[in-house]
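Visitor: After the structure tokens below, expect a handful of questions from me.
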Amino acid sequence: MVTALGAGATGLALFAARPAAARDDDDDHPSDSGRPGRRYIIRDGHVMSMDPKVGDFAKADVLVIGKKIAAVGPHLHAGDAAEIDARGKIVMPGFIDTHHHQFETALRSFLANGVLINDGSGSPSADPSYFEYILPKFAPVYRPEDVYISELFGGLAQLDDGVTTVHDVSQIHHSPQHSDAAIKALFDTGRRAAFGYFESAGGVAGNQYPADAVRIKEQWFSSSDQLVHMIMGGEVYLGPETYTQSWQIGRHLDLQIAAHILSPFGVRPILDQLAAGQGGTPGSNIGLGPDNLFIHMTGMSDDGWLGVKNAGAQVSIAFPIEMNMRHGIPPVVKMQSLGMEPSLSSDVEVTMTADFFTQMRSAMTLQRMVVNQMILDQGTFTPPNEWPTPAPGTPPLLNVRDVLRFATINGAKHLRLDGRTGSLTPGKEADIIILDAEAINVAPLNNVPGAVVSLMERTNVETVIVAGKVRKWKGKLPDVNLPGLRRELESSRDYVFAAAGVPQNLYR
Ligand SMILES: [Zn+2]
């Protein structure tokens, strides 16, 4: 049981109790936030709910009781509730990352130039590559304590960035102890998370993937009233025996089944088989379903895409990573043509930041590059046809509202959490970020969604709330010993590099 840990998210120090205090006091966060019955109000912010039924407000309040949003609107009466002054701030739901490999935090920036697979070119992008170093060299030497500190540190870093929910795709399940370390770190981080039970990268001897899913589900996820839930990893590139087993276990346990679906490793014909209901080992006839969450979807056939759409499966796109590491062009235009929308994936910090402002800007910039060029190409580049009106059927340009939706409510839907999070809707849990719109890189405020997507970055994330509990306050994580955790991460990094036989080199 989770409660047997005695720790989990609640093991972190609570804030000192004090009355609703004067404004501009560094300690004036509401005490005991998130506790049952505790009331506080976020007053006079620019509230962007991401729920069309709730709407947006030039100035409004958000009332939080316990872990839930009780009301959103102007001039709310809140009695003696504590108050968070949000004048000059944007109040919106936290970001949701539907694919992040947090166990790689100790290896951050190691592979800043790398592509997926060594292509034999001899270039610095080909060597080191992801599939020669990260999974087969580094991952197999991880001990459970290495898993724990990377998972924890990477999770806290994203919490600091306003990412209140993650799907952690851990491929580090060399033993049940490794799995438990990853799960404990997700609980201890104190943000909402889907624990993705994927394989043992490098296939370390004695690993119990996928069969240990049954124990994990029972031991850690028998309650649905907790911040962390479970997703089954079902990589099709592990071969028909393994993926038949993992998909069958996942469906038996009523878990979502997630998989990387991308150009290499012979995945395209496998997706075609699945789309035809003929996947898996002979006779098992595995097909797609609404329980599938597919990552990337680069390089797939039209039949594969139709199968995914018709099954109601979800797609998570890692815009910056796919562009950098040769997955292919992020398939957002394909999704538009099918009437589908993605959620966003940070993927791997070995190559690119897990920052969500980068995610949103990359999504919008990539799509507009592709579509703008498509429109220019409809003309002749000479007068009078150098600036054509888009032809019928041209995909619409993404706008800031679209990518905000990708980054919030779409992520919630794709992790089956939209009854709980993804928008500022009364009755949902209070996963809220407060962004400083008076900062030097943002003022004067002329457009709320535009300022968030076009201008903001991590330093503008002033306050972060998860399930009613204030976790970031005035730019800091008050219940986190960052220097201590950083030293632990550095010493884990030193161990992992040495054990993998990879020299550390700051100017590789
Ligand atoms: Zn991935």
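The values are calculated or read from the model by the stated rules, or taken from the named source; none is laboratory data. Here the structure is a predicted model, which means the values were calculated and not measured. Cβ: placed from backbone, ideal geometry, glycine included. Neighbour counts: every protein chain shown.
Visitor: For segment 280-301, which residues satisfy the criterion of being more than 28 Å from residue 118 (Cα to Cα) and within 28 Å of the chain's Cα centre (by Cα)?
Guide: Matches in segment 280-301: 286, 287, 288, 289, 290, 291, 292.
Visitor: Within the set of pairs 6 or more residues apart or between chains, which connect a residue that is of a type in the set (Phe, Trp, Tyr) inside segment 85-110 to a residue that is in a loop (DSSP other than H, G, I, E, B) and within 16 Å of the ligand (Cβ to nearest atom) with Cβ atoms less than 7 Å apart?
Guide: Taking only residues 6 or more apart or on different chains, the pairs are 110/350.
Visitor: Turning to a different aspect of this structure: Quick test for you: out of 443, 439, 391, pick the one residue that is without any contact (Cβ under 8 Å) to a residue 12 or more places away in the chain, of a type in the set (Gly, Ala, Ser) and not in a helix (DSSP H, G or I).
Guide: Only one candidate passes the filter, namely 443.
Visitor: If I go through segment 258-271 residue by residue, how many of them are of a type in the set (A, V, I, L, M) and assigned to a strand (DSSP E or B)?
Guide: 3
Visitor: Can you tell me which residue among 112, 106, 126 is surrounded by fewer than 16 Cβ atoms within 10 Å (Cβ to Cβ) and of a type in the set (A, V, I, L, M)?
Guide: 112
Visitor: Restricting to segment 339-356, name every residue that is more than 15 Å from the ligand (Cβ to nearest atom) and either aromatic (Phe, Trp, Tyr) or crowded, with 23+ Cβ neighbours inside 10 Å (or both).
Guide: Matches in segment 339-356: 356 only.
Visitor: Additional query: Of the residues in segment 261-305, how many are under 27 Å from residue 412 (Cα atoms) and among the aromatic types (Phe, Trp, Tyr)?
Guide: Adding up the residues that qualify gives 2.
Visitor: Looking for something among the β-branched types (Val, Ile, Thr) and in contact with a strand residue (DSSP E or B) (Cβ under 8 Å, 6 or more places away or on another chain) - is there at least one such residue anywhere in segment 86-94?
Guide: Within segment 86-94, one or more residues are among the β-branched types (Val, Ile, Thr) and in contact with a strand residue (DSSP E or B) (Cβ under 8 Å, 6 or more places away or on another chain).
Visitor: Of the numbered conditions (1) within 16 Å of the ligand (Cβ to nearest atom); (2) within 20 Å of residue 410 (Cβ to Cβ); (3) surrounded by fewer than 20 Cβ atoms within 10 Å (Cβ to Cβ), residue 328 satisfies every one except a single condition; which is it?
Guide: (2)
Visitor: Looking at segment 465-483, which of its residues are buried (at least 17 other Cβ atoms within 10 Å of the Cβ) and more than 17 Å from residue 154 (Cα to Cα)?
Guide: 465, 467, 468, 469, 470, 473
Visitor: Among (1) more than 21 Å from the chain's Cα centre (by Cα); (2) within 30 Å of residue 30 (Cα to Cα), which single condition is residue 505 missing?
Guide: All conditions pass for residue 505, except number (2).
Visitor: Keeping to segment 461-504, report how many residues are polar (S, T, N, Q), assigned to a helix (DSSP H, G or I) and free of Cβ contacts under 8 Å to residues at least 60 places away in the same chain.
Guide: 1
Visitor: What is the one condition in (1) within 16 Å of the ligand (Cβ to nearest atom); (2) closer than 21 Å to residue 343 by Cβ that residue 291 does not satisfy?
Guide: Exception for residue 291: condition (1).
Visitor: Same structure, new question: Which is touching a residue at least 24 places away in the same chain (Cβ under 8 Å), crowded, with 22+ Cβ neighbours inside 10 Å and either more than 17 Å from residue 158 (Cβ to Cβ) or not aliphatic (A, V, I, L, M) (or both), of 421, 425? Let's see the steps before the verdict.
Guide: On the way: 425 fails: crowded, with 22+ Cβ neighbours inside 10 Å.
421 is the lone residue from the list that is touching a residue at least 24 places away in the same chain (Cβ under 8 Å), crowded, with 22+ Cβ neighbours inside 10 Å and either more than 17 Å from residue 158 (Cβ to Cβ) or not aliphatic (A, V, I, L, M) (or both).
Visitor: Which one of 478, 444 is at pLDDT below 95 and on the phi < 0 side of the Ramachandran plot?
Guide: When all the criteria are applied, what remains is 478.
Visitor: Additional query: How many residues are in contact with a Pro (Cβ under 8 Å, 6 or more places away or on another chain), within 18 Å of residue 295 (Cβ to Cβ) and assigned to a helix (DSSP H, G or I) when one looks only at segment 229-249?
Guide: Selection size over segment 229-249: 2.
Visitor: Of all residues in segment 83-134 being more than 25 Å from residue 172 (Cα to Cα) and acidic (Asp, Glu), which is farthest from the ligand (Cβ to nearest atom)?
Guide: Among those residues, the one meeting the criterion is 83.
Visitor: Right, here's the next one. Does at least one position in segment 136-144 carry a residue that is assigned to a loop (DSSP other than H, G, I, E, B) and surrounded by fewer than 16 Cβ atoms within 10 Å (Cβ to Cβ)? So that I can check it myself, show each step before the final result.
Guide: Residues of segment 136-144 assigned to a loop (DSSP other than H, G, I, E, B): 142-143.
In the following step, the residues that additionally are surrounded by fewer than 16 Cβ atoms within 10 Å (Cβ to Cβ) were identified as none.
No; the residues of segment 136-144 include none that is assigned to a loop (DSSP other than H, G, I, E, B) and surrounded by fewer than 16 Cβ atoms within 10 Å (Cβ to Cβ).
Here is a yes/no grid of residues against (1) within 26 Å of the chain's Cα centre (by Cα); (2) crowded, with 23+ Cβ neighbours inside 10 Å; (3) more than 16 Å from the ligand (Cβ to nearest atom); (4) free of Cβ contacts under 8 Å to residues at least 40 places away in the same chain:
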position	(1), (2), (3), (4)
252	yes, no, yes, yes
262	yes, yes, no, no
273	no, no, yes, yes
278	no, no, yes, yes
303	no, no, yes, yes
308	yes, yes, yes, yes
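Condition check ((1) at pLDDT 95 or above; (2) part of a strand (DSSP E or B); (3) of a type outside the set (Lys, Arg)) across all residues:
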{"residue": "10", "(1), (2), (3)": "no, no, yes"}
{"residue": "21", "(1), (2), (3)": "no, no, yes"}
{"residue": "41", "(1), (2), (3)": "yes, yes, yes"}
{"residue": "47", "(1), (2), (3)": "yes, yes, yes"}
{"residue": "54", "(1), (2), (3)": "yes, no, yes"}
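Visitor: Kindly indicate the residue of segment 376-404 that is under 32 Å from the mean Cα position of the chain (by Cα) and surrounded by fewer than 18 Cβ atoms within 10 Å (Cβ to Cβ) and also nearest to residue 449 (Cα to Cα) among those meeting that condition.
Guide: Residue satisfying both the conditions and the ranking: 401.
Visitor: So, of the residues in segment 310-325 that are more than 13 Å from the ligand (Cβ to nearest atom) and small (Gly, Ala, Ser), which turns out to be surrounded by the fewest Cβ atoms within 10 Å (Cβ to Cβ)?
Guide: This residue is 312.
Visitor: With respect to residue 70, is the statement that it is out of contact with any His (no Cβ under 9 Å at 6 or more places or on another chain), part of a strand (DSSP E or B), in contact (Cβ under 8 Å) with a residue 12 or more places away in the chain and more than 16 Å from the ligand (Cβ to nearest atom) true?
Guide: yes
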